[in-house]
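The structure appears right after this line, and notes come after that.
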Amino acid sequence: MVRVVFGVLGPTVAAGDSGGALALKGPRHRAVLARLIVARRRVVPVARLVEDLWADPPPGAVGAVQTFVAALRRVLEPERPPRAPARLLVTDGPGYALRTDPDTVDAWRFETALSTAAGLPAQQALATLEEALGWWRGPAYAEFADEDWSRGERARLAELRLQAVERRAEAHLALGRPADAVPDLDAHLTEHPWREDAWRLLALALYRQHRQGDALAVLRRAREVLTNQLGLDPGPRLRHLQSDILTQTPTLDLPPDTPAPPHPPRGARNRALGSNEPAPKTSGPPHPPRGARNRAPSPIPPEPNTPPPPTTQPPADLWTRAAKTYNRTVAKGTRARLESTIGLIRNLAVTGGEGLAEARHHRTAAITAAEEFADPELTARVIGAYDVPAIWTRADDPSAAEHIVAVAERTLAALPAGPHDTARCRLLATIALETRGATGPRGPEAAREAEALARRLDDPALLAFALNGRFMQSFTRAGLAPQRDAIGAELVELAVRHGLVTYEVLGHLIRLQARAALADFAAADTHAATADRLAERHELPLVGVFTEWYGALRLSATGEPARAEAACRAAAARLDGAGMPGLERGLLPLALLCLRLTHGLPPDPDPRADWGPHRPWAEPFTLIAEGRHTEARTALHALPEPPHDLLYEAYCALEAEAALRLDDRTVLERARTRLRPAAAELAGAGSGLLTLGPVERYLTD
């Protein structure tokens, strides 16, 4: 049997033993072959081939596919006797499969080579990577770049190729050849400027050529590119490298995986230089002078009887070692790495501050990467794994939320019901969460579907996630604090029973808001204290942001405006750097305006303040204070429908107060209609942040 090899790292080709190209006939013949290679020896049904080959299949499409397959068989197995079964392009059940050996497809060989190189010494790894990169003749599946069926595989292979280029640079550095790494990395970054690891390697290669200034210039350029073009801050590895270069840290001169001498305590470094005591022994050889680094001997291997390192390690060391091992053993660009990443991002989000901001950026990137695999089940898992409890009903990044909802909707449409109900539930809960504060039926509808699915599946964690979505959609009108209190109570009970700590905290914060709205401060105090206690025990720093704002609200509601103002300012200072722009922007001036109105003080709104999304509701008061009543009425009538979120009643009360001062009966009647269902509540207190006093007062006025 003639051995056939296939090439898809470029235009799709096939060749026989002699190396001569086989005539694959027309473009649809090549498309059938490429589609079967993408399937990796699995069966592709004829119906799927028809869908993939034609946007609008002609009447004889099935027969045409059969014709293409017959022609390909004649080319691939020219010596096969008539009516003998095919051995390469086989018929199997409802379709066809290409049962070729793993080493006969250049893309499959490339993956194997990349995986093998990871475990080889630097010299052998370099040779392996050089050969593998030489197999690329252009973009993978080049002539099928616009086809949906090739998109995921093309993206995956492109990512692996980029990794191979960077690993080749690492091998050059490990062999003490930084000059050989620079040109490839420079060209690599010209086409792929978002590759942080490539920037790191280029800067390191320049530093090892004694070009410290050039290395720092590269890191500055990396920051500019990442910030200006992608809106991202450089990651920790780039930031640490810059610091190490500035301090000329000795480990920068060592090849990867060379043990570095332990650092003395920071305060002891200068003292050690003048000490007459013998130098302590280290785990590796003494660091050579910079000019002698290429002449330095290799590290001495440990003696055979050297005891293994102790099994008990500090948590920081355990994390570092585990992360390093994972990074070395799990190939980049794989599904497993992507799913592990979203789990890490989820944990990062609850750390607050920079962690929360970084988690938002990385989450969007992970979802985009998942969709490129063209695997709806994978995309559903990546989207649904980010079940971070959410208490604030306004998105921190509206454009990212819109993108996530769009991907979730596409994934839902591609995911069949039944065996994927858990994934569907998580997607629906995500849609409910990410459409928070929006008008329209989709958010509430998704929340109801998610909750019904979660209850039917009897999955506690899933139900907690779905209840969070239902909470986010419980602001369709005023006066729903009792409904939210019931959601919080169920979350607390569910979380305590099943050990879901973050959802237990969420339940207490929801109940804090609801009981504050109902002026039940004894209960609200209890929930605040419990949330703070859990947050301290489980290291959840963002919880204190909400409980501190609640303390300011309570002071206002109980008649202590001076102390309440000081508490508002202190709580606002704590928000700085908390990573929650959707909450932070404009909150302090809004809270101070509400405080003064509640206690009959002059509103005194600062027109120069950053009111953020609250400006439309502050504008009438600013104009009234300046005596511009006609413009104030115009601003009042231009107010939009208040967002369906935690500030709904506060906005309605502000509207009513401004209308009362302007004697505008039309707006007063509109505000009364909106506020009437919340007659038993404190206006705005359901936010857990601020209040304008009893709703009944506004209805009476």
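For this structure, a couple of remarks:
- Residue 95 long-range amide H proximity, modeled H, under 5 Å: 46
- Cα long-axis angle, helix 481-498 against the chain (0 to 90 degrees, to the nearest 10): 40 degrees
- In Hz, Karplus ³J(HN,Hα) per residue of region 174-185 (6.51, -1.76, 1.60; θ = phi - 60°; x = Gly, Pro): 5, 8, x, 10, x, 4, 6, 7, 4, x, 5, 5
- Cα centroid separation, region 581-604 to region 88-152 (Å): 61 Å
- Residue 340 contributes about 50 Å² of solvent-accessible surface, heavy atoms of the protein only, 1.4 Å probe.
- Sorting 506-519, 176-189, 69-82 by their mean Cβ neighbour count within 10 Å, with the most densely packed peptide first, gives 506-519, 176-189, 69-82.
- The chain - percent of accessible surface contributed by carbon and sulfur, probe 1.4 Å: 54 percent
- For region 384-537, the per residue solvent-accessible surface stands at 38 Å², with DNA, RNA and ligands left out and a 1.4 Å probe.
- Of [x] 43; [y] 31; [z] 50, the label for percent of Cα pairs over 40 Å apart derived from the coordinates: [z]
- Note that region 589-644 presents 47 Å² accessible area per residue, ligands and nucleic acids not counted, probe 1.4 Å.
- At R0 = 35 Å, FRET efficiency that the Cβ-Cβ distance of residue 610 and residue 158 yields, to 0.05: 0.25
- The angle between the Cα long axis of helix 521-538 and the main principal axis of the chain comes to about 20°, on a 0 to 90 degree scale.
- Karplus 3J(HN,Hα) series, Hz, for region 392-398 with 6.51 cos²θ - 1.76 cosθ + 1.60 (x for Gly, Pro): 8, 9, 9, 5, 6, 9, x
- Taking amide H as placed 1.01 Å from N in the peptide plane, the amide H of residue 646 sits under 5 Å from that of 393, each at least 5 places away or on another chain.
- Distance between modelled label sites at residue 351 and residue 406, nm, 7 Å Cα→Cβ extension: 3.0 nm
- Converting phi to 3J(HN,Hα) with the Karplus coefficients 6.51, -1.76 and 1.60 and the offset θ = phi - 60°, region 635-649 yields 5, 5, 6, 8, 4, x, 4, x, x, 7, 8, 5, 9, 4, 5 Hz in sequence order, with x at every glycine or proline.
- Shape call, region 511-625: gyration tensor on alpha carbons, a/c limit 1.5: oblate
- Tensor-based shape of region 133-206 (alpha-carbon gyration tensor, a/c under 1.5 rounded, otherwise prolate or oblate): prolate
- Gyration tensor verdict on region 327-417 (Cα atoms; rounded if a/c is under 1.5, prolate if a/b is larger than b/c, oblate otherwise): oblate
- Taking amide H as placed 1.01 Å from N in the peptide plane, residue 105 has its amide H under 5 Å from the amide H of 6, each at least 5 places away in sequence or on another chain.
- Difference of contour (0.36 nm per residue) and Cα-Cα distance, residue 248 to residue 210: 12.6 nm
- Taken per residue, the accessible surface of region 41-134 reaches 53 Å², heavy atoms only and a 1.4 Å probe.
- Principal-axis analysis of the Cα atoms of the chain puts helix 665-675 at an angle of about 60° to the longest axis.
- When peptides 687-697, 412-422, 591-601 are sorted by average Cβ neighbour count within 10 Å, with the highest value leading, the order is 687-697, 591-601, 412-422.
- Spin-label model, residue 142 to residue 520: label points 7 Å out along the Cα-to-beta-carbon direction sit 7.1 nm apart.
The values are calculated or read from the model by the stated rules, or taken from the named source; none is laboratory data. These figures come from a predicted structure and were not determined experimentally. Note: ideal-geometry Cβ built from the backbone for every residue, glycine included; neighbour counts use all protein chains shown. In case anyone asks, the SASA skips ligands and DNA or RNA and just uses the protein heavy atoms, side chains included. Shrake-Rupley method; radii C 1.70, N 1.55, O 1.52, S 1.80 Å.
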